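Here's the structure, in C-alpha cells; my notes come after.
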Amino acid sequence: MKRAANKARPARRSGPTPFAPAQVSSTGELADLQRAMWRVISRPLTDDSRMQPRWSDGRPTSAVAKQIAKPNDRLTSFERLEIYNRMYWFRVLDSLYDDCPGLRAVLGDKKFIALAEAYLVKCPSISFTLRNLPSRLAQFIRQYPRYTRPHTALCHDLARFEWARVEVFDTAANPLFTVNDLLDIPAARQGRLKLALQPYLQLLRLDHPVDDFILAVKQREAELLRGDASNAPSARRRLRERKVTLPRRARTYVAVHRLEGQIYFKRLEPAAYRILIALRGGATLEQALATGIPRAKHSRADWAGRVQDWFRNWMELGWLCRR
Amino acid sequence: MPRQFPRKPTSRGVKPLPRDSVPFMPANKFNGYTDYGIGIGLRIPHYDHILSRKPTVDWFEIISENFMVDGGRPLEVLDQILAQYRVVQHGVALYFGSADGPNREHLRRLKTLTKRTKTPWLSDHLCWGSVDGTYSHDLLPMPYTRAAAKRTAENIRMVRDYLELPIAVENVSSYTEFHVSEMTEWEFLTEVVELADCGILLDVNNIYVSSKNHGFNPYDYVDNVPHHRVAQMHIAGHTKFEKYILDTHDHPVLDPVWKLYAHAIKLCGVTATLLEWDDKIPSFDEVHNEALKAHEFIAEAREAKIPAPRSGLARGRARPLGAPRT
C-alpha cells in the first residue's frame with residue numbers, strides 16, 4: 001500500500017528537542033516535566049556548592065531552567081531551581097555523612113564527599129527512606145576503586161560494616177529460642193535440630209578489624225565534642241590533629257547485634273562464625289557443627305567446651321530464635 | 001546561600017482542655033470524626049523525656065516512614081507511646097503527585113503500621129518526589145494543571161482504598177513555579193481534594209512561606225480552600241533570607257503565621273493542630289510552651305462558637321475551574 005501524501009503529517013520541528021514539556025495535559029507530560037526537573041536538581045553541584053552554570057551538552061543551564069521554572073521579581077529560573085538542587089545534595093550527602101563515620105575517618109571529608117557524590121550519581125536512592133541510602137555503597141566501592149585508593153579494601157570493609165549497623169538497628173526480631181524449646185525435642189533428634197538466627201543479626205567476614213577502628217573513631221569524635229565544649233584551644237587543636245590509626249589487614253569475624261535497643265559488635269572465632277553461617281543457611285545443628293569445626297586440629301573434647309560456651313553466650317544474647 | 005534545607009514535622013506538648021469545653025470541634029469524615037485538639041510531633045530528642053515523665057499530650061504525630069521498619073528501637077518506642085497516647089500518622093514519601101503512582105512495597109509497610117497505630121486519619125503531602133523509581137527525598141512542587149490534579153487524585157484514591165483510612169493532603173511550601181501551571185495553588189488543592197474526595201492538612205506556615213516566595217496574598221489562599229475538608233492544621237517556624245523564605249521548622253512560630261492560623265481557625269472551626277519543630281529541636285518544655293500558644297487562638301474561636309463548616313457553604317469555596325477569575 002502506498003503511503004498517503006505527506007501533507008497530513010505535521011512538519012518536523014527544527015532545533016533541539018525541548019528539555020521540558022510546554023504543557024502538562026496528560027500523565028505522560030507530567031512524568032516528562034518531573035523527569036526534567038529531577039535531571040536538573042540531581043545534577044552535582046559545583047565545588048562551591050552552586051548549580052552548575054553549564055548543562056551537559058554545553059548550553060547554559062539557565063536556558064534549561066527557563067523551560068521549566070518561572071522567574072519572579074527576585075530570582076531567575078536558574079536561581080529558583082538551584083534552591084532545590086542544593087537542598088537535594090545537602091540532604092543526601094548529610095545523610096551518608098552521618099551513616100559513614102568510619103569511611104569519613106579513612107578518606108577525610110573531601111575525598112568522602114567525592115565518593116558519596118559519585119555513588120549517588122551512579123546509584124541514586126530507589127527507596128522511600130534515606131535509611132537505605134548506603135545499601136549499595138560497598139558494591140560501588142569495589143566497582144569503582146578510584147574514589148578510595150589506596151584504601152579500597154579497607155573502605156569496602158567499612159561500607160559493609162556501616163551498612164550492617166543500619167540493618168541491625170531496625171530489622172525484625174523473632175521470638176527467642178529457649179532451653180524449654182530444646183527440652184521438647186528428644187535427645188536423639190537434637191542433632192537434626194534446625195536453629196534459626198535472629199533476622200537482625202549481621203555476620204561479617206572482614207579483611208580488617210574495622211570494629212575496633214569504628215570504636216576508636218567514635219571515641220575520638222566524643223573527645224572532639226568534649227574538646228569543643230572546653231576553653232582550651234590548644235587541646236582542641238591537638239585533638240583535631242590526632243587521627244585514628246588505620247587498621248592493618250587481618251582476617252576478622254564480627255557479629256553486629258543489638259541488645260535492648262543498643263548496637264554492639266562481637267568478635268567471633270572463625271569456627272563460631274562458620275557455625276553461625278551454616279545455621280543461617282538452614283543447616284541442622286549437626287551439619288553446622290561439622291561445617292564449622294576443623295577436623296584434625298583438636299580433639300572433640302577440646303571443642304565441646306568451647307562450642308557449649310558459644311551457644312550459651314548466643315542464647316544469652318538472644319541470637320537464636322524460633323523458626 | 002545557607003546550607004539549610006526544609007525540615008519535616010516536629011513536636012511539642014500540650015495539656016488538653018476538658019472535653020466539654022470543646023463544643024465546636026469540626027470532627028469530620030476526613031479526620032475520622034475525631035476531636036484530637038493540639039498534638040506534637042514525636043521526635044527522637046524527646047523520647048527520654050516523654051517515656052520517663054509521661055507528659056500530658058493530646059496526641060502525637062509520627063512520621064510514618066521512620067516507623068515502617070520490621071523491629072528494633074523505633075517500634076519499641078512506638079509501642080510504649082501507643083500504650084499511653086493517641087498517635088496520628090503523617091508521611092513524607094507517598095508523593096501523591098508523582099506520575100509514577102504509589103509504590104506497592106511502601107503501601108504494604110504503611111498499612112502494617114496503620115494497623116499498629118490505629119491512626120484515625122493519615123496525611124501526606126501534595127507534591128511529587130520520585131520519578132521512574134528514583135527518590136529525591138524532597139517535597140517537590142506540582143505543576144498546577146488539571147491533568148496533574150486528576151493523576152494526583154487517582155493516586156490519593158488508590159492509597160485511601162488500599163489503606164481503608166481517611167486521607168488528608170498537606171500543602172507544601174515551595175520555591176519555584178512552573179510555566180505550565182494553569183491555576184493558583186489553592187485552586188489546584190481544591191481540584192485535587194474534590195476529585196479525590198479527601199481531606200486537607202492545612203499548613204498555614206507553608207501557605208505563608210509560599211505566599212512570600214511567589215507573591216500572593218496568603219489570606220486569599222486560606223479563604224478559598226474548602227474549609228469543610230480541613231482535617232488538621234500545621235504551624236511551624238521558618239527562616240527569612242534576602243530573596244526568599246525557607247521552611248526550616250527550626251524556630252518558634254512567627255507572628256504573621258499565628259495571625260494566619262487565627263484566621264484559618266475562624267473559618268474552619270477548632271481543628272486538630274500540630275506544631276512542627278524538626279531542626280535545632282529545643283527541650284520538650286520549650287516546644288510545649290510554643291504549642292500552648294495555639295490554645296489562645298483556639299479559645300477565641302471557641303468563644304465565637306464557630307460552627308463547623310459544611311460542604312458548599314464554606315466561605316471562600318473555590319470557584320469552579322474554568323470559571324472566569326474575578
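Which residue, of A:ASP184, A:ASP170, is free of Cβ contacts under 8 Å to residues at least 40 places away in the same chain, acidic (Asp, Glu), in contact with a Gly (Cβ under 8 Å, 6 or more places away or on another chain) and under 20 Å from A:CYS321 (Cβ atoms)?
Values: A:ASP184 fails: in contact with a Gly (Cβ under 8 Å, 6 or more places away or on another chain).
Testing whether each residue is free of Cβ contacts under 8 Å to residues at least 40 places away in the same chain, acidic (Asp, Glu), in contact with a Gly (Cβ under 8 Å, 6 or more places away or on another chain) and under 20 Å from A:CYS321 (Cβ atoms) leaves just A:ASP170.
Restricting to the range A:101-145, and then to whatever is within 23 Å of B:GLU65 (Cα to Cα) and of a type in the set (Ser, Thr, Tyr), can you tell me which residue is surrounded by the most Cβ atoms within 10 Å (Cβ to Cβ)?
If we take residues in the range A:101-145 being within 23 Å of B:GLU65 (Cα to Cα) and of a type in the set (Ser, Thr, Tyr), then A:SER125 is surrounded by the most Cβ atoms within 10 Å (Cβ to Cβ).
Only one residue in A:ARG189, A:ARG149 is more than 27 Å from B:MET68 (Cα to Cα) and not in a helix (DSSP H, G or I). Which one? Walk me through how you get there before you give the answer.
On the way: A:ARG189 fails: not in a helix (DSSP H, G or I).
From the options A:ARG189, A:ARG149, the qualifying one is A:ARG149.
Would you pick out the residues in the range B:179-194 that are touching a strand residue (DSSP E or B) at 6+ places or on another chain (Cβ under 9 Å) and surrounded by fewer than 22 Cβ atoms within 10 Å (Cβ to Cβ)?
Of everything in the range B:179-194, just one residue is touching a strand residue (DSSP E or B) at 6+ places or on another chain (Cβ under 9 Å) and surrounded by fewer than 22 Cβ atoms within 10 Å (Cβ to Cβ), namely B:HIS179.
Among what's in the range B:218-250 and is away from every other protein chain (no Cβ under 14 Å) and hydroxyl-bearing (Ser, Thr, Tyr), pick the residue that is most open to solvent (accessible area, probe 1.4 Å).
The residue in question is B:TYR219.
Just to confirm my filter: which strands (runs of 3 or more DSSP E) fall fully inside the range B:62-163 and include at least 2 residues that are at the interface with another protein chain (Cβ under 9 Å from one of its Cβ atoms)? Show your work before the answer.
Numbers: elements: B:87-90, B:122-125, B:128-131, B:134-140.
Strands (runs of 3 or more DSSP E) meeting the threshold: B:128-131, B:134-140.
Output the residue which, of all residues in the range A:12-24 that are surrounded by 15 or more Cβ atoms within 10 Å (Cβ to Cβ) and within 11 Å of another protein chain (Cβ to nearest Cβ), is nearest to A:PRO124 (Cα to Cα).
Taking the range A:12-24 and keeping what is surrounded by 15 or more Cβ atoms within 10 Å (Cβ to Cβ), we get A:19-21, A:24.
With within 11 Å of another protein chain (Cβ to nearest Cβ) added as a condition, the list becomes A:20-21, A:24.
On the way: A:ALA20: 21, A:PRO21: 24, A:VAL24: 26 Å.
Selected residue: A:ALA20.
Sort out which residues of the range A:65-100 are facing chain B (nearest Cβ under 8 Å) and either open to solvent by 30 Å² or more (accessible area, probe 1.4 Å) or in a loop (DSSP other than H, G, I, E, B) (or both), and write them in order of number.
A:GLN67, A:LYS70, A:ASN72, A:ASP73, A:ARG74, A:LEU75, A:GLU79, listed by residue number.
Which residues, taken from the range A:39-64, are within 8 Å of chain B (Cβ to nearest Cβ) and of a type in the set (A, V, I, L, M, F, W, C)?
A:ILE41
The values are calculated or read from the model by the stated rules, or taken from the named source; none is laboratory data. Keep in mind that this is a model prediction, so the values were computed, not measured. FYI the Cβ positions are ideal-geometry reconstructions off the backbone, even for glycines, and counts take in every protein chain you see. SASA here: full protein model, heavy atoms, side chains in, ligands and nucleic acids out. Shrake-Rupley method; radii C 1.70, N 1.55, O 1.52, S 1.80 Å.
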